[in-house]
Amino acid sequence: MFFKKLNLIPAFAIAFAMTLMTTGCAEDDADEIVGVCPIVVSTIPVDEAVDVPLDQVISAIFNEELNAETINSETYSVSGASELAGTLSYSGITAFFTPSADLLPFTTYTGTVTTGVKDPFGNALQEDYVWSFTTIPEVTLSVSTNDSGTVTGAGLFNNGSLVTVEASPNAGFEFTNWTIDDAEVSTTASHEFEVVGNMALVANFEVATYTLTTTAVNGTLSKNPDQPTYSHNSEVILTANPDTGYEFSSWSGDATGTDNPLTLVMDSNKSVTANFTLIPVNTFTLSVNAENGTVNISPNQTTYNEGTDVILTPNADTGYEFASWSGDATGNNNPLTITMDADKVITANFIQENTGQICPNPAVDLGLAGDYAILAKSGISTTGTTSVIGDMGISPNSSTAITGFGLILDSSGTYSTSSLVTGKVYASDYTSPTPANLSTAVSNMETAFTTANGMAPDQTELLAGNINGQTLSSGVYKWSSGLSVTNSVTLDGGGVDCAEFVFQIAGDLTIADNTEIILINGAKADNIYWVVAGAGAMLGTDVNFSGNILSQTLISVNTRSSVVGRLLAQSAVTLDGNAIVKPSN
C-alpha cells in the first residue's frame, strides 16, 4: 500500500493571497497592475510527499484562472535526475503534467512553476514555485542461476513497511540464501524484512546434494563412486557381496528388486539395505539295493549333505560273489566311494560263485561271438547308468547305432571306450581289422543260434512253457511256443562242472520282475544257452539272470536287472540301468 501526503494551504498563504487581491500586482517589467496575482495554492503530490505512485499525474493548483498560453514547458516542468518528458494540460485553475512514462521507484522529483505564468489580465506569478516529492520504493527479486528455482513477493511497497518474499528451489536444487549486492541478508527461504528504499534481492541456489546410507548383514555392500554426498541425478552402482554360506536375495529401503549390481539414481537422500539369505545345504537320499548279498554304507544316514563322500562295501551271501555296480554307479570297485551330488539309487550285483567262469568244453561253439558281452546287428542302447564288464560290438550297423554310452574313439580308430564299459566297444565303421572281425563274430553268432536251436531235445513242452519255481537238471529243453518265468528257477548241474543247459524257445522268452536264475552243483552261466526264435527275449526289472541269450531278434533288459552271460542279438539290445558281466577266467 501507499499513502499520499496531503498539502494543506497555510493560513499565511491565504492571508498573502487576500493581500494581493486588494493591492497592486507587478508585471515582469515592474509596472504595477491593480488586481490579483497568480499564486500556487497547492500541488499534487504535495511538497515532500513520499510513496508517490509511479503513474502519478503531477498537478499545480492556482488561486485563479490563468492564461492557458502561459502554461508551457518553459513555465511548468518536472525533473528527477533529468527533466521529465511529458504532456501539459490546463483546466479551470489546475495545470496538469502527465509524464510520458511511469516515474522511477524511490526517486525524488522536483516540480517547478516559473514567473512566466500569468492570468488573463497579465498579472504574473511573483516568484518561481518549487516543490519536491519521492516515489514509492520497489522490491525486485531474481535468481542467481537460471532454472534453479522460483521467487515470489516482488512489487511496490511503502517505505518502512514489512514485506515477505519466498524462494522455492526447482528439482535438483536447494535454497542457499538471499543476498543484496552479494551480501547475505538471510538464509531462510521465507524472508521478512522492512522496506528501505529500492531493494534488489537475489535468491541463491546450489545444486542439490544427497546422502546415501547403506546397510548389509551377512555380507557387504560396495558403492561406486563411494562419496559422502552425491549431486542431483548422479548415478551410484551398488554391488552386494555375500559372506560365505550366504547369497544375495533382494534390495529394500529406497531400492527394490534383485538386480546385482544395481544402478541407483540419486534424486533424494536414500537409505538402501542389501538382504542376504543363508544358502540352503542341498541334501540327497541314497538307496542301495542288493540281492544275494548286503552292502555296508558308511556313513549310513537318511540324507546326506551335498558333497558328502559315502563308502559302499558289498558283502556276498554264501555261495555268491560280488560282480559289479549298476544304477548310479558302475564298475566293480570294492569298496566304492561315491560323492553325494544328487539323489542316487545303486545296485550291488552278486553272482553265484564260479558261475561266471569260462567252461573249457561248451555245449555250443560261439566262435568269436563268445568274446563279447553284448553283440548286435542293428543297435545297442541304454538309459540310466549301465555297467558292462566285457566288450561290445555292432555290425553291420555303424557306431551311431550305439546310444547312451558316450563313446570316445581311440586314437587307433579301431575301437571306442565308454565310462559305462569295462572293455572295448567295436563298430563296423571303425578302422581295419575291426569290420572283418565283427563280420566273423556276427556270422559265428548266427551259426551258434542255428546249431543250438537244432540240437536234439531231451524234453519238449515241459510244463507247457511255465517252469516257475522248478529245479531243472542239465539237458536240452524245447518249447514250440514261448517260455515264461514268473518265479525263480534253479538249474542243478548234478555235480558236473559246467553242466550243459540249452533252452530252445520257438516264441518269446519272458522273465518277470524280481525273478532269479539260480545255479547250483556245477551249473555255470558260460554253458547255459537261451535260444529265442520269437519276437525277443524280455527281462523285467530287478531280475538276476544267468546264461547266454541267443536271440533271433531283440533282447530287452529292464531297470536294475543284472545278467551274468552274453547278450547276442540278431537285431538290437536295449538296456536300462543294468549290470552285464561276461563270463571270464
Hey, any hits in the range 318-337 for a residue that's farther than 28 Å from residue 422 by Cβ and touching a residue at least 60 places away in the same chain (Cβ under 8 Å)? no
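Could you grab me the full set of residues in the range 511-541 that are part of a strand (DSSP E or B), among the hydrophobic types (A, V, I, L, M, F, W, C) and free of Cβ contacts under 8 Å to residues at least 60 places away in the same chain? Write out each step before concluding.
Restricting attention to the range 511-541, the residues satisfying the condition of being part of a strand (DSSP E or B) are 511, 516-520, 523-532, 536-539.
With among the hydrophobic types (A, V, I, L, M, F, W, C) added as a condition, the list becomes 511, 517-520, 523, 525, 528, 530-532, 537-539.
511, 517, 528, 530, 532, 537, 538, 539, listed by residue number.
Which residue, of 302, 258, is part of a loop (DSSP other than H, G, I, E, B) and closer than 15 Å to residue 344 by Cβ?
Values: 258 fails: closer than 15 Å to residue 344 by Cβ.
After ruling out the rest, the residue left standing is 302.
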Scope the range 429-464; condition crowded, with 19+ Cβ neighbours inside 10 Å and touching a Phe, Trp or Tyr at 6+ places or on another chain (Cβ under 7 Å); matching residues: 430, 434, 438, 441, 452
For the range 116-143, which positions are surrounded by 15 or more Cβ atoms within 10 Å (Cβ to Cβ) and among the hydroxyl-bearing types (Ser, Thr, Tyr)? 129, 132, 134, 135
Tell me which of these residue 494 doesn't satisfy, since it passes every other one: (1) crowded, with 19+ Cβ neighbours inside 10 Å; (2) farther than 28 Å from residue 289 by Cα. (1)
Scan the range 450-479 and report the pairs whose first residue is in contact (Cβ under 8 Å) with a residue 24 or more places away in the chain and whose second residue is exposed (fewer than 14 other Cβ atoms within 10 Å of the Cβ) and assigned to a strand (DSSP E or B), with Cβ atoms within less than 7 Å and a gap of 6+ or a chain change. 475/459; 477/459; 478/460
With buried (at least 19 other Cβ atoms within 10 Å of the Cβ), under 51 Å from the mean Cα position of the chain (by Cα) and at pLDDT 95 or above as the only criterion, which of 286, 366 stands out? 286
Within the range 193-212, work out how many residues are over 55 Å from the mean Cα position of the chain (by Cα) and touching a residue at least 40 places away in the same chain (Cβ under 8 Å). 5
Unmet requirement for residue 107, which otherwise passes all of (1) in the same structural domain as residue 48 (by TED's automatic domain parsing); (2) farther than 11 Å from residue 52 by Cα: (2)
Within the group 378, 395, 411, 419, which residue is in the same structural domain as residue 542 (by TED's automatic domain parsing) and buried (at least 18 other Cβ atoms within 10 Å of the Cβ)? 395
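Tally time: how many residues in the range 73-92 are in a loop (DSSP other than H, G, I, E, B) and exposed (fewer than 15 other Cβ atoms within 10 Å of the Cβ)?
Taking the range 73-92 as the starting set, the residues that turn out to be in a loop (DSSP other than H, G, I, E, B) are 73-75, 80-82, 84-85, 92.
Right, trim to exposed (fewer than 15 other Cβ atoms within 10 Å of the Cβ) and you get 73-74, 81-82, 85, 92.
Adding up the residues that qualify gives 6.
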Based on this model, can you work out whether residue 507 counts as touching a residue at least 24 places away in the same chain (Cβ under 8 Å), within 22 Å of residue 378 (Cβ to Cβ) and assigned to a loop (DSSP other than H, G, I, E, B)? yes
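The values are calculated or read from the model by the stated rules, or taken from the named source; none is laboratory data. All values reported here derive from a predicted model rather than from experimental measurement. Cβ coordinates were reconstructed from backbone atoms using ideal geometry, including for glycine residues, and neighbour counts include every protein chain displayed.
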